[in-house]
Amino acid sequence: MANASAKIIARVEKLRQELHEHDYKYYVLAEPVIADEEYDKLIQELLDLEHRYPELQSPDSPTQRVGGTPTKEFATVEHNPPMLSLANSYSEEEIRDFDTRVKNVLKEQPRYVAELKFDGIAIALKYRNGILAQGATRGDGTHGDDITANLKTIRTLPLRLRKPPKEFRNIEVRGEAFMQREDFAGMNRQREAAGEKLFVNPRNSTAGTLKLQDSRIVATRAIKLFGYSLFASDAKLKSHFENLQIMRSLGLPVNNYVCQCQNIDEVIKFWKEWEEKRDTLPYDIDGIVVKVDSLEQQARLGNISKSPRWAIAFKFTSRKAETILNSIDLQVGRIGTITPIAKLQPVFVGGSTVSRASLYNMDYINELDLRAGDTVIVEKGGDVIPKVSGVIKEKRPKGTRPFKMASNCPVCNSPLHQPEGEVSYYCENAECPAQVRGRIEHFAMRGAMDIDGLGEAIVGQLVDLGWVRNCADLYSLHKHRDEIIGLEGWGKRSTQNLLEAIEESKQRPFHRVLYAIGIRHVGQGVAQLLTENFTSIDMLQAATEEELQSVSGIGPQIAESVAFFFKEKHNGDLIRRLKDAGLILSAPTSKKKGKFTGLTFVLTGTLPTYSREEAKALIENNGGKVASSVSKNVQYVLVGEDAGSKLDKAKKLGVPTIDENQFRKMIE
Ligand code: IVH
C-alpha cells in the first residue's frame, strides 16, 4: 500500500477541521452553513482517504461518529474524584433548610447557580491533549464502564476541543446524556413497526442505548448531552458559573438555562418558573440543581458521604390527582398490539386535562387490580405522559369486577392471540382496519420497500378512499390512475411518479419484502436470517416452529410469531396476491458454493482443536449452514467433548454424527 503524501495528509487534516466546524455549527449552534449533501460528500471523501491510507486513521476523526467494531465487554474506568450523587429536596421549606446549613458552615451568604436537572444518564469524559480520549458511565460512582466508542457517536460532543488554551487541553467533563422526547417517540414508532420491545421513557432508552455493544447502532439513535461539571488540574478554576462558560467556549454543549442567584429566594423563583415551563422543553427535566458558585466555598463545605454539601437537587412536585376510572377500553396498534386504555373522568393534572391513559398490558392492570368504577390516582411523571399509578381501594364501589381481556379484536372481531411468554395480546389480522394505515406506511418505508413519495398523508388518503386496504392493493393502484389524477393536490406527473415508484419497488429482494410485510419480531436482521435459511416464501410458510428455531439467531418468540403469522387466513391471501403482483419472494441461491452447499450442521461439545467460531466459519465458507438445534433438516452433528442433549437428539432422530477428524477429512 502506498504511503500518504504530504498533500494527502494535509487534505485529510483540512477535511477533518472543516467537518468538526460543520458539526459544531450544525449540532451545537443549530446554524448549519452547508447542505446535507455537501457534508456527506466531505465525509465520504475522508472515509475513502482513511480507508486507502489506514495509517492516517485517528481517534478524533469525524468518521468515528458512525461507530465501529462491536466490543464484547466494556473495560472498567475508575472515577477520580468519585462521581457523587445529589441529595433531594422537594419543597420551599427543605430548600431553605439547605441554605441555612450552607450559611452555618460558610458564615456568609453564598451566591448560587441554579440549573436544570436533566433526566438522563450521568457520564464522564476525559480529554487528553484536546482530544476526547475516554468516556464512561457513572457506574457505582467510583467505577464505571468505558463506553468511549458509543459516546463518540453523539454529534453534539466535540471529538476535539475548540482551540483549547494550554491549561484546558487535559480536562474531565461530566454531564448528562439524554434523548429528546420527539426522538424517543420516533425510535419507538420504528421499534413498534418492527415488532421490537418498546422503551418505557427517554431515560431508559438512553441507558439502554449507551450500554449497547455495537456503537454502529448507537450512532443511529439521537442521543444528546449537556456538560455540567469541569475538572482541569492545570487551570486555576474559581467559579462553577465560569466553568460553564469555559466548557461552552471549548465547544462543549452546555445548557443555556442557567441562573446566577444572589440568594435562595431567587433560586425558588427559578424553580417555580421551570415547574411551569418544563413541558415547553424538548427533553425531560425532573427538577433543578442548586450549586454554590464559588469553588473555594464548595471546598470548605465538602461532602457528606456520597453527596456534596454544596449542592442539592430541588425536585418538582410530582403531579398527581384523583379521578374515576370510567372504563377500560382496548386500542389496536399499528401492528396489532392490543393496548388497554383507561377512560377517565377528566381531571386537571400538571397543566393539562387528562381523560385517558395507557394501561400498557394485562400485567399492569392485574398488579394494580384496576376495575371500572374505581377511584384512581393519575400521575404525570418526568416524561409528561399521564399514568394511572394506583387505586384507592377504600373508595371502591360495591359490585365491581376484575377486568377480563376480550377474546376478539374490538375492531375486526378476529380472535386475539397471546403468544407464549409475552404479556401482550395481538390481533393477527394484517387487514384489520386499525392496522391498515400503519402497516402500509411500514411497508413503504425506507429499508423496507422504499416506495418514494408514499408517506403518511398519502397513505391516509388512499386508505380513506377505500382504494388500498392492504399492501397488495398498492400493486393494483394503477387501476385508479385517472381518479387519482383528478384528486385535489394531485396531477398527471405526481400520479405517474407514485405509480412508477410502486412498480419499481417490485425489484426489492426477498428479505426486504419479508421485513416490509410486518411480522412481529421480524426486523431487518431477522428477515435477512430467515431468507438465508428458508430461501422461498413457500419454504417459510411450510416451516414449523421447530424448524424455524433450528436457525441460529431465531429464538422461540420469533419462531412462534412467524409460524402464527402464516397461519392466519388473511395473511395467506395477502402473500398469494403479492406473489401474483410479481414481487420477489425467493432468495438468490447462495453465492458461496462449496463442498457443504445444501448441508446444515449442528455443533455440540468442545472440539479438540477448532473453536466453535472457527468450525462455524469453515462450514459457512464451504457453502454450508450452522443451525442451533437438531432437527430432521440437519445433515450432520459435529460432536466434541462433553456433548449434551443435542447428541441425544441426533441419535433419536437418526442424524449422522461426526467428530473433528471426520470433519477435517470432509473439507480436505
Ligand atoms: S451536578 C456533585 N448538574 O442528577 C454534583 N447533576 O444525583 C453532581 N443531573 O447523577 C451532579 N442534571 O446525573 C448535576 N445540571 C445538573 C444535572 C445533574 C442532572 C443528574 C446527575 C446526577 C444526578 C444527581
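Can you show me the helix-derived [θ] at 222 nm for the chain, built from DSSP H runs with n ≥ 4 at -39,500 (n - 2.57) apiece and divided by the number of residues, rounded to the nearest 500.
Only helices count here, giving -10500 deg cm²/dmol.
Angle check, please: helix 181-193 long axis (alpha carbons) against the longest principal axis of the chain (alpha carbons), in degrees 0 to 90, nearest 10.
So the inclination is approximately 10 degrees.
Under a plain spin-label model, where a point goes 7 Å from the Cα along Cα-to-Cβ, how far apart in nm are E37 and Y90?
Rounded to a tenth, the inter-label distance reads 5.6 nm.
Looking only at segment 35-185, where both bridge partners belong to it, what percent of the DSSP beta bridges are antiparallel (to the nearest 5)?
The antiparallel fraction comes to roughly 100 percent.
How large is ³J(HN,Hα), in whole Hz, for each residue of segment 595-609 in order, when computed from phi with the Karplus curve 6.51 cos²θ - 1.76 cosθ + 1.60 and θ = phi - 60°, using x for Gly and Pro?
Karplus values, whole Hz, x for Gly and Pro: 4, 9, 4, x, 9, 10, 10, 10, 9, 8, x, 9, 7, x, 10.
Determine the dipole magnitude for the chain: charges of +1 sit on the beta-carbon of Lys and Arg, -1 on that of Asp and Glu, nothing else is charged, the reference point is the Cα centre, and the result goes in debye to the nearest 20.
On the way: 92 positive and 90 negative charges, 82 e Å.
Dipole size: approximately 400 debye.
Relative to the longest principal Cα axis of the chain, at what angle does helix 492-504 sit, 0 to 90 degrees, rounded to 10?
70
Tell me the label-point distance for the pair K7, Y27, using the 7 Å Cα-to-Cβ offset, in nm and rounded to one decimal.
3.2
Which value, in debye to the nearest 20, gives the size of the charge dipole of segment 459-539 about its Cα centre, when Lys and Arg are +1 and Asp and Glu are -1 at the Cβ?
Numbers: 9 positive and 10 negative charges, 19 e Å.
Its charge dipole is roughly 100 debye.
Determine the relative contact order of segment 46-191: mean sequence separation of Cα pairs under 8 Å and six or more apart, normalised by residue count, in whole percent.
It rounds to 29 percent for segment 46-191.
If the cut-off is 30 Å between C-alpha atoms, which lysines fall inside it for K652, apart from same-chain ones fewer than 8 positions away?
K567, K595, K616, K625, K632, K665
Can you list which of the trypsin sites (Lys or Arg not before Pro) found in segment 399-455 are DSSP loop residues with at most 16 other C-beta atoms within 10 Å?
K404, R446
Could you work out the relative contact order of the chain? I mean the mean sequence separation of Cα pairs under 8 Å and 6+ apart, divided by the number of residues, in percent.
Numbers: 1186 pairs, mean separation 63.6, N = 668.
It comes to 10 percent, rounded to a whole number.
Taking the Cα centre of each part, how many Å lie between segment 186-214 and segment 347-419?
Here the answer is 24 Å between Cα centres.
What number comes out for the charge environment of G582, summing +1 per Lys or Arg and -1 per Asp or Glu over other residues with Cβ under 14 Å away? Walk me through the numbers before you get to the answer.
Working: positive: K506, R508, R576, R577, K579; negative: E503, E504, D580.
Net charge around G582: +2.
Calculate, in nm to one decimal, what T353 and K492 gain on full extension: separation in residues at 0.36 nm each, minus their alpha carbon distance.
Gain on extension, T353 to K492, equals 45.4 nm.
Please list 385-392, 249-256, 450-457 highest first by mean number of surrounding beta-carbon atoms within 10 Å per residue.
Per-residue Cβ counts within 10 Å, averaged per peptide and sorted highest first, yield 249-256, 385-392, 450-457.
Indicate the gyration tensor shape class of segment 410-545 (rounded, prolate or oblate), computed on the Cα atoms with a ≥ b ≥ c the square roots of the eigenvalues: a/c under 1.5 is rounded; otherwise a/b larger than b/c is prolate and the rest oblate. Walk me through the numbers before you get to the answer.
Numbers: a/c = 2.55, a/b = 1.49, b/c = 1.71.
Taking the square roots of the gyration eigenvalues as a ≥ b ≥ c, segment 410-545 is oblate.
What lysines does K269 reach when the alpha-carbon gap must be under 19 Å and sequence neighbours fewer than 8 apart in one chain are set aside?
Output for K269: K117, K277, K291, K315.
Tell me, what is the percent relative contact order of segment 370-431, built from C-alpha pairs under 8 Å that lie six or more residues apart?
Taking the mean separation of contacting Cα pairs over the length of segment 370-431, I get 24 percent.
Quick one: putting +1 on the C-beta of Lys and Arg, -1 on the C-beta of Asp and Glu, what dipole do you get for segment 237-286 around its Cα centre, in Debye to the nearest 20?
Values: 6 positive and 9 negative charges, 54 e Å.
Dipole magnitude for segment 237-286 comes out near 260 debye.
Loop-only check: which trypsin sites (Lys or Arg not before Pro) in segment 238-300 are DSSP coil with at most 15 other Cβ within 10 angstrom?
K238
By how many degrees, 0 to 90 and rounded to 10, does the Cα axis of helix 524-533 deviate from the longest principal axis of the chain?
20
Taking all pairs of distinct Cα atoms, average 1/r, flip it, and tell me the Kirkwood hydrodynamic radius of the chain in Å to one decimal place.
Kirkwood radius, the chain: 29.4 Å.
Can you compute 3J(HN,Hα) from phi for each residue in segment 431-438, using the Karplus curve 6.51 cos²θ - 1.76 cosθ + 1.60 with θ = phi - 60°, rounded to whole Hz and x for Gly and Pro?
The phi angles translate into 9, 4, x, 5, 9, 3, 4, x Hz.
Within segment 62-149, list the GluC sites (Glu not before Pro) lying in a DSSP loop whose Cβ has at most 15 other Cβ atoms in a 10 Å radius.
E73, E108
Take the alpha carbon gyration tensor of segment 273-417, find the square roots of its eigenvalues, order them as a ≥ b ≥ c, and report rounded if a/c is under 1.5; if not, report prolate when a/b exceeds b/c, else oblate.
prolate
Could the peptides 308-314, 59-65 be put in order, highest first, of the mean number of other beta-carbon atoms found within 10 Å of their residues?
With the highest mean Cβ count within 10 Å placed first, the list reads 308-314, 59-65.
Can you check what the net charge comes to around E545, using other residues whose Cβ is under 11 Å from the Cβ of E545 (Lys, Arg +1; Asp, Glu -1)? Write out the running numbers ahead of the final one.
On the way: positive: K567; negative: E420, E546, E547, E560.
That sum, taken over residues with Cβ under 11 Å, equals -3.
List the cysteines in the chain whose Cβ has no other cysteine Cβ under 4.7 Å from it.
So far as the 4.7 Å Cβ criterion goes, C259, C261, C471 stand without a partner in the chain.
Every read-out reported here was derived from the displayed coordinates using simple, explicitly stated rules and does not represent laboratory data. The structure presented is a predicted model; accordingly, all values stated were derived computationally and were not measured. Glycine also receives a Cβ, built like all others from the backbone with ideal geometry; neighbour counts cover every protein chain displayed.
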